[in-house]
Amino acid sequence: MTQQQQFWGKFVLGLGLAIATTCIPNLALSQSATINDSVLRMERNLEAEFETHFGRDLAEVTQDTDGIAQTLARMGAETNTSPAVLWVIPRETHLHLVLITPNGKPVVFDQFDVPKEKLTAIANQFTQSISNPRRTPNIKAAQQLHKWIIEPFEADLLRGVGVDTLLFCLGDGLRSLPLAALHDGEQFLIEKYSLSKIPAFNLISTEYETIQQGGLLAMGASEFLNQNPLPAVPAELQLILQQLRSVKSPREEWSALSLLNQDFTQTNLEAILQSRSFDIVHLATHADFQAGTPAESYIQFSDGKLHLQDLNRFAWQKAAAPAVELLVLSACRTAFGDSEAELGFAGVALQAGVKSAIASLWYISDVGTLAFMGDLYRELSLNTTKAEALRQTQIKMLRNEISFNDAGLKLSSGQTIPLSDGLQQQSRFISSLAHPYYWAGFSMISSPW
């Protein structure tokens, strides 16, 4: 039997099982149920997970499979991209995959040789191997995950319809997976697709507004009472605005407000968001997504911890103005393998009421974050979508187009940023920013557009 015959054999089997089985584990569907019903049930189940975690009602699931395909086509036309959404749902006995492309019908693929325990074990091995720069990345695990998650669709569907943007709706145990570093034997996934992690398709914004040349609120702290200092934060806040303004645009120059250390308070953030609108809010501080309820996860301010459960009290979205397009958390970490911590990470944009967020799965070195953010903000001024800006930054890190030298930080534009003596000393411990530790942990959350 050829590889293609094997593929379609499994596909037909998965299609039949998907009709007979709901996306909610251990709950049987009638034989007359359709794949559309199955996808709707899956979306409602995901919605319920996030509602339970955050303790509040969220948007209703209204888009069925045809509506999702039409929305993908519309967003693709508006952004000059070709997006697809892929649900990756681990179950006790198998891995359940569903793909929808623009104006396409859902394609189901069930792999009964990949039970949840086996899948999450490989995912954890892979994540641990790249979340420490002193370890050698587990490429074998990266390739195995690619084979299980991506390969069933790639040759016949993704490349066949020219998909360039993948929205991943990940189930329990996979939400902290660093997707960018999955590998097909020749390339990392980020070299082929822009990526975004979504809580559920019906829970993300599907409206497009460019963020090029808008407003930026940049806040952060370099010193903390009970946590490690972040000495690169002052340079980070200065650099990101400099990079945004380095790209010429017919629109007026970026307006910006920057607050540091003692001015980086929840009180100031609340007052500022009430009085002004911003496209991007950048918080350069410690943020932890921890086990337990949202009350255990937090963003550190100078006047205390802002717990995840309280994130929606701020005016990220006002009636007379559009919502914040992008929330950036530049020094985060997530408790790997913990379902509640992963729900908090995957739902941070949802809880804040912003369209998209960028956050890191693990804490990256201070100067490593400076290098990443410096290039990211230039890319945000150059690219149509937020996910593509993130992708371009990750690729440039991977290809050593961003590096440290005796003169300071060299960005992909060729510009060299001088560093203080302390930061220059830190940079000497980094031999290369190409290791996935420095770029694969950054994730686009919710809307990629």
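Under the condition of being in a loop (DSSP other than H, G, I, E, B) and aliphatic (A, V, I, L, M), which residue from segment 188-226 is nearest to Leu329 (Cα to Cα)?
Here is the first cut: in segment 188-226, the residues in a loop (DSSP other than H, G, I, E, B) are 192-193, 199-200, 204-214, 221-226.
The next check asks that each one be aliphatic (A, V, I, L, M); those that pass are 200, 204, 211, 221, 225.
Details: Ala200: 21, Ile204: 19, Ile211: 17, Ala221: 12, Leu225: 20 Å.
Applying the filter and picking the extreme gives Ala221.
Restrict the check to segment 367-374 and report whether at least one residue is closer than 23 Å to Leu167 by Cβ and surrounded by fewer than 24 Cβ atoms within 10 Å (Cβ to Cβ). So that I can check it myself, show each step before the final result.
Taking segment 367-374 and keeping what is closer than 23 Å to Leu167 by Cβ, we get 372.
Checking the rest, the ones that are also surrounded by fewer than 24 Cβ atoms within 10 Å (Cβ to Cβ) come to none.
No, because not a single residue in segment 367-374 is closer than 23 Å to Leu167 by Cβ and surrounded by fewer than 24 Cβ atoms within 10 Å (Cβ to Cβ).
Considering segment 213-241 alone, what residues qualify as being surrounded by fewer than 18 Cβ atoms within 10 Å (Cβ to Cβ) and either of a type in the set (Lys, Arg) or more than 21 Å from Ile272 (Cβ to Cβ) (or both)?
Once the filter is applied, which keeps residues that are surrounded by fewer than 18 Cβ atoms within 10 Å (Cβ to Cβ) and either of a type in the set (Lys, Arg) or more than 21 Å from Ile272 (Cβ to Cβ) (or both), segment 213-241 yields Glu223, Phe224, Leu225, Asn226, Gln227, Asn228, Pro229, Pro231.
Going through Ser258, Ser275, Ser249 one at a time, which residue ends up being at pLDDT 95 or above and either touching a helix residue (DSSP H, G or I) at 6+ places or on another chain (Cβ under 7 Å) or in the same structural domain as Glu223 (by TED's automatic domain parsing) (or both)? Step through it out loud before you land on a result.
On the way: Ser275 fails: at pLDDT 95 or above; Ser249 fails: at pLDDT 95 or above.
Only one candidate passes the filter, namely Ser258.
Which one of these does Gly337 not meet: (1) assigned to a strand (DSSP E or B); (2) among the small types (Gly, Ala, Ser); (3) surrounded by fewer than 23 Cβ atoms within 10 Å (Cβ to Cβ)?
All conditions are met except number (1).
Does Gly76 satisfy the criteria of being at pLDDT 95 or above, farther than 25 Å from Gly441 by Cα and either surrounded by fewer than 20 Cβ atoms within 10 Å (Cβ to Cβ) or not aromatic (Phe, Trp, Tyr) (or both)?
On the way: at pLDDT 95 or above: yes; farther than 25 Å from Gly441 by Cα: yes; either surrounded by fewer than 20 Cβ atoms within 10 Å (Cβ to Cβ) or not aromatic (Phe, Trp, Tyr) (or both): yes.
Against the criterion (at pLDDT 95 or above, farther than 25 Å from Gly441 by Cα and either surrounded by fewer than 20 Cβ atoms within 10 Å (Cβ to Cβ) or not aromatic (Phe, Trp, Tyr) (or both)), Gly76 qualifies.
Could we say that Phe314 is of a type outside the set (A, V, I, L, M) and buried (at least 17 other Cβ atoms within 10 Å of the Cβ) here? Steps first, answer last, please.
Working: of a type outside the set (A, V, I, L, M): yes; buried (at least 17 other Cβ atoms within 10 Å of the Cβ): yes.
Yes.
Could you list, in sequence order, all residues of segment 366-391 that are assigned to a helix (DSSP H, G or I) and under 14 Å from Leu195 (Cα atoms)? Even if it seems obvious, please write down each step before you answer.
First pass over segment 366-391, keeping only residues assigned to a helix (DSSP H, G or I): 366-382, 386-391.
If the condition is that a residue be assigned to a helix (DSSP H, G or I) and under 14 Å from Leu195 (Cα atoms), then Lys386, Ala387, Glu388, Ala389, Leu390, Arg391 are the ones that fit.
Only one of these is at pLDDT 95 or above, surrounded by 21 or more Cβ atoms within 10 Å (Cβ to Cβ), in a helix (DSSP H, G or I) and among the β-branched types (Val, Ile, Thr): Thr127, Thr81, Thr120. Name it. Before the answer, list the steps.
Working: Thr81 fails: in a helix (DSSP H, G or I); Thr120 fails: surrounded by 21 or more Cβ atoms within 10 Å (Cβ to Cβ).
One residue alone meets the criteria, Thr127.
I'm told Ser302 meets every condition in (1) surrounded by 24 or more Cβ atoms within 10 Å (Cβ to Cβ); (2) modelled with pLDDT of 95 or more except one. Can you identify the failing condition by its number?
Here Ser302 clears every test but (1).
Give all pairs with beta carbons closer than 6 Å in which a residue from segment 164-188 that is under 16 Å from Phe336 (Cβ atoms) meets a residue that is among the acidic types (Asp, Glu); count only pairs at least 6 apart in sequence or on separate chains.
Arg175/Glu342; Ser176/Glu342
Kindly provide the set of residues from segment 110-157 that are of a type in the set (D, E, K, R) and either outside the structural domain of Ile89 (by TED's automatic domain parsing) or within 20 Å of Thr334 (Cα to Cα) (or both), ordered by number. Show your work before the answer.
Initially, segment 110-157 is screened for residues of a type in the set (D, E, K, R), giving 110, 113, 116-118, 134-135, 140, 147, 151, 154, 156.
Correct list: Arg134, Arg135.
Scan Gln394, Gln424 and give me the residue that is part of a helix (DSSP H, G or I) and either surrounded by fewer than 19 Cβ atoms within 10 Å (Cβ to Cβ) or assigned by TED's automatic domain parsing to the domain that holds Phe188 (or both). Steps first, please.
Values: Gln394 fails: either surrounded by fewer than 19 Cβ atoms within 10 Å (Cβ to Cβ) or assigned by TED's automatic domain parsing to the domain that holds Phe188 (or both).
Only one candidate passes the filter, namely Gln424.
In segment 316-332, which residues are in contact with a Gly (Cβ under 9 Å, 6 or more places away or on another chain) and not hydroxyl-bearing (Ser, Thr, Tyr)?
Hits for segment 316-332 are Trp316, Gln317, Ala323, Val324, Glu325, Ala331, Cys332.
All but one of (1) part of a loop (DSSP other than H, G, I, E, B); (2) without any contact (Cβ under 8 Å) to a residue 24 or more places away in the chain; (3) surrounded by 13 or more Cβ atoms within 10 Å (Cβ to Cβ) hold for Ser413; which doesn't?
Ser413 satisfies every listed condition except (2).
Filter segment 35-70 for residues that are among the hydroxyl-bearing types (Ser, Thr, Tyr) and surrounded by fewer than 20 Cβ atoms within 10 Å (Cβ to Cβ); which is farthest from the chain's Cα centre (by Cα)? Let's see the steps before the verdict.
Let us first name the residues in segment 35-70 that are among the hydroxyl-bearing types (Ser, Thr, Tyr), namely 38, 52, 62, 65.
Imposing the further condition that a residue be surrounded by fewer than 20 Cβ atoms within 10 Å (Cβ to Cβ) reduces the set to 52, 62.
Numbers: Thr52: 21, Thr62: 24 Å.
Here the answer is Thr62.
Is there a residue in segment 304-318 that is under 19 Å from Leu177 (Cα atoms), outside any strand (DSSP E or B) and either touching a residue at least 12 places away in the same chain (Cβ under 8 Å) or not β-branched (Val, Ile, Thr) (or both)?
Scanning segment 304-318 turns up no residue that is under 19 Å from Leu177 (Cα atoms), outside any strand (DSSP E or B) and either touching a residue at least 12 places away in the same chain (Cβ under 8 Å) or not β-branched (Val, Ile, Thr) (or both).
Tell me which residues, restricted to segment 196-212, are surrounded by fewer than 22 Cβ atoms within 10 Å (Cβ to Cβ) and more than 30 Å from Asn268 (Cα to Cα).
Of everything in segment 196-212, just one residue is surrounded by fewer than 22 Cβ atoms within 10 Å (Cβ to Cβ) and more than 30 Å from Asn268 (Cα to Cα), namely Thr206.
Mind checking which residues of segment 147-163 are within 23 Å of the chain's Cα centre (by Cα) and not hydrophobic (A, V, I, L, M, F, W, C)?
Correct list: Lys147, Glu151, Pro152, Glu154, Arg159, Gly162.
Scan segment 377-391 for residues that are surrounded by fewer than 23 Cβ atoms within 10 Å (Cβ to Cβ) and either free of Cβ contacts under 8 Å to residues at least 40 places away in the same chain or β-branched (Val, Ile, Thr) (or both) and jot them down.
Glu379, Asn383, Thr384
Asn103 versus (1) within 13 Å of Val163 (Cα to Cα); (2) modelled with pLDDT of 95 or more; (3) exposed (fewer than 15 other Cβ atoms within 10 Å of the Cβ): which is the lone unmet condition?
With (1) within 13 Å of Val163 (Cα to Cα); (2) modelled with pLDDT of 95 or more; (3) exposed (fewer than 15 other Cβ atoms within 10 Å of the Cβ) applied to Asn103, the lone miss is (2).
The values are calculated or read from the model by the stated rules, or taken from the named source; none is laboratory data. Just so you know, these numbers come straight off a predicted model, no measurement behind them. Counting neighbours? That spans all protein chains shown, and the Cβs are built from the backbone with ideal geometry, glycine included.
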